[in-house]
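Heads up, the thing below is written out as structure tokens.
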Amino acid sequence: MRLSDWFNRKRVIFLGALLVVILVVLVFVKGQSNEIVLQAERGSIIEAVYSLGTVKSENTYTLKLAVASTVRQLYIKEGDIVRKDQALITTDSNITFRAPFSGTVSRLYYQPGEIVMPGNPVLVLLDEKNLYLQLALDQQSAIRVRPGMKAELSFENIRNTKLEGKVERIYPADNQFLVKVKVNDLPDGILPEMTADVAIEVARIENALLVPLRAIQRGKVLRRRNGRKELVAVKIGAVNSERAELLEGDLTTEDELIIRN
């Protein structure tokens, strides 16, 4: 073999080995860049039930007549604020109906001279001072809610203001599970039938080991400990929007939890 052929052969072998090393490094770097590393942490977790609540009035009065009558005189119109015992309407029977409490006339169905048939509503009066929120829950959520639980409210146009309330009672109605949440200090301008996002605190766990939800895939977490990767089965408890309470599973705050992109 000539010396030039020998050098060419060595060069080819060297370049081939170098190419293999470069490919291995690229694969390793790519594998590393496709990983997101997270960690568990110790802390408290609050688990909540979420629903859309509707503002309701504690006192609602719907005036209905027992016999057919003609409206002789109206003393109010829609939107009027009336005092308790203030005259509302007088019928052709010379009977004057008065407000049972102070409030706002939200609906007025008849005008003077019109005949009201028995059972038909004449007007609706709402007490806008004593308000609460009503929300409907599914069965799974309703089972976890109890009177006295804290609730946090957020109205769409005043997101920066978090309001606190308390569950007053939960009861079935029309194939639904309704929750009454009482709030002591609703902001000015809140009216019946307005809506708010409501979160009811159903569980609070202190000093729990919290695992990022993103790291849990099909009940397992890819753990890297001392440079070694291993899939670890986990069982979780309370859950919020980002983390879950770890009940079972060999994880610590020192472990790296790997997410592959």
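The values are calculated or read from the model by the stated rules, or taken from the named source; none is laboratory data. Note that the coordinates shown come from a computational prediction; the quantities given were computed from them, not determined experimentally. Here Cβ is always computed from backbone atoms with ideal geometry, including for glycine, and neighbour counts include all displayed protein chains.
Key figures for this structure:
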item	result
Test: residue in the range 205-215 that is under 19 Å from the mean Cα position of the chain (by Cα) and modelled with pLDDT of 90 or more	yes
Filter result (surrounded by 15 or more Cβ atoms within 10 Å (Cβ to Cβ) and not hydroxyl-bearing (Ser, Thr, Tyr)) within the range 60-69	Leu63, Leu65
Unmet requirement for Glu193, which otherwise passes all of (1) on the phi > 0 side of the Ramachandran plot; (2) at pLDDT below 90	(2)
Residue match in the range 73-86 (condition: at pLDDT 95 or above and under 30 Å from Lys150 (Cβ atoms))	no
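Residues are listed down the side, and each one gets a yes or a no for (1) surrounded by fewer than 17 Cβ atoms within 10 Å (Cβ to Cβ); (2) in a strand (DSSP E or B); (3) in contact with a His (Cβ under 8 Å, 6 or more places away or on another chain):
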{"site": "Val71", "(1), (2), (3)": "no, yes, no"}
{"site": "Phe97", "(1), (2), (3)": "yes, yes, no"}
{"site": "Thr104", "(1), (2), (3)": "no, yes, no"}
{"site": "Arg107", "(1), (2), (3)": "yes, yes, no"}
{"site": "Gln111", "(1), (2), (3)": "yes, no, no"}
{"site": "Pro118", "(1), (2), (3)": "yes, no, no"}
{"site": "Leu125", "(1), (2), (3)": "no, yes, no"}
